[in-house]
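Have a look at the structure below before the remarks.
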Amino acid sequence: MSDWREFDQNPVSHSAAHHLTTIGDLHDEVGYARVSDVARHLGITRGSVSVTLKGLRHRGLVVEDEHKHLSLSVEGQRIAQGIRTKRILIQALFRDVLGVPDEIAEQDACKIEHLISDMTAEAAGSLLEGLEDLSEDQRIRSLVESARSSSDSSSPFPDTATQQLANRLLKKAAAIESEDS
Amino acid sequence: MNPKITREETIARLNALLAEELEASIRYLHLGSMVQGIDRLIVQKILQENHEETVEHAQQVSEKILQLGGNPSPRIQLNLDGRRYSGQQAIAEALLFEQAALDGYRDLLEQVDSSGDVVLEEFARQQVAVESEHVSQLQMLLVESPVGDQ
């Protein structure tokens, strides 16, 4: 088995994935992101953030303006969006199909969101989409059929349909959470 | 105390600065081990001196936290790889976390400025001065300083 070597070929590390998605989230929430904001959000030091950002800037994924405000480049946005979507899909897959509690599903999704291939994420999306409005029996049949087929999509991840599905799943998870509380 | 910042917030900020200093001290040690090239011995000496200073700073910050009635409880998460550095790369990396520490002390100074806590205010001011000096020294080593441009 030499699959572990593929970990080195991932576009971003676990830490870099969190930095990218955090910058994106901060932009969505407050309209800007500084090193201190990213550090506070991730619960790490500014020094660590600065060292990680150096690599991300060098790769053209993060841009810093003259006021030291951070933003994602187009490629950075694409990667962050892809990671977010994968997290939502995998979390839903673990929760809705495997029956794992949502909290554990979220933690496990976070561990692998940046590691899984686009093809696997798309397959998870197709499966979840097919299961959305089915009864228990239909779900089982659909799962078997889905396992026999494979995704042949070659468009960049996430495509619009997958993105829309992720948004629906996110709303569903929020509804479950508010019902529980 | 300045109504802008409570004692608990001050302690939290100092703990964040303590984490910065402790992480920096470990990073300096690591960089010193990983630096290579013709200027290795010179850069190692600079990194060692800075390591010792950051340890001193960490001790000072810990003292401040204790004086305020808090507990030094820094959150540190470091994953250092086995990458080798040239002297210039090592100094450039050190500049990143020194600048981060300077920014942290500047924020603290802004918060405690005119707070009435003269000792804490003076401490923050002194740390800004010392860290600014560090940053300038590192910038000069990287020829990033405006010195000679005028």
Exposure-ranked with fewest Cβ neighbours within 10 Å first, B:83, A:95, B:7 stand as B:83, B:7, A:95
Cross-link reach from residue A:172 to lysines, straight Cα distance under 21 Å and at least 8 residues apart if same chain, gives A:86
For the residue B:42, residue A:75 Cβ pair and Förster radius 22 Å, calculated FRET efficiency rounded to 0.05 is 0.05
In debye to the nearest 20, the charge dipole size for the protein assembly as shown, taken about the Cα centre with +1 at each Lys and Arg Cβ and -1 at each Asp and Glu Cβ, equals 520
Expressed as a whole number, the average count of other chain Cβ atoms within 10 Å around the Cβ atoms of A:39-46 is 6
Each residue of B:16-29 has, on average, a number of other protein chain C-beta atoms within 10 Å of its C-beta equal to 3
Once the in-chain neighbours fewer than 8 apart are removed, the lysines whose Cα is under 22 Å from residue B:64 read B:4
Most exposed to least, judged by fewest other Cβ atoms within 10 Å, A:63, B:119, A:51 sort to B:119, A:63, A:51
The relative contact order of region B:7-141, taking Cα pairs under 8 Å that sit 6 or more residues apart, comes to a percentage of 30
Expected max-MSF residue from B:71, B:50, B:79 in the GNM of chain B (alpha carbon, under 10 Å) is B:79
Quick note on A:120, A:22, A:160, ordering by fewest other C-beta atoms within 10 Å, gives A:160, A:120, A:22
The set of residues whose placed amide H lies less than 5 Å from the amide H of residue A:159, leaving out same-chain residues fewer than 5 positions away, is none
Note to self: C-alpha centroids of region A:29-103 and region B:39-53 sit apart, in Å, by 34
Once both label points are put 7 Å beyond Cα along the C-beta direction, the residue A:63-residue A:36 separation in nm becomes 2.4
Each label sits 7 Å from Cα toward the beta-carbon; between residue B:63 and residue A:179 the label points are separated, in nm, by 5.9
Expected integer from the mean partner chain Cβ neighbour count at 10 Å over B:97-108 is 4
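Throughout, read-outs are computed from the coordinates displayed, never taken from laboratory work. Since the structure is predicted, the reported quantities are computational estimates derived from the model, not experimental observations. All Cβ positions, glycine included, derive from the backbone under ideal geometry; neighbour counts span all protein chains shown.
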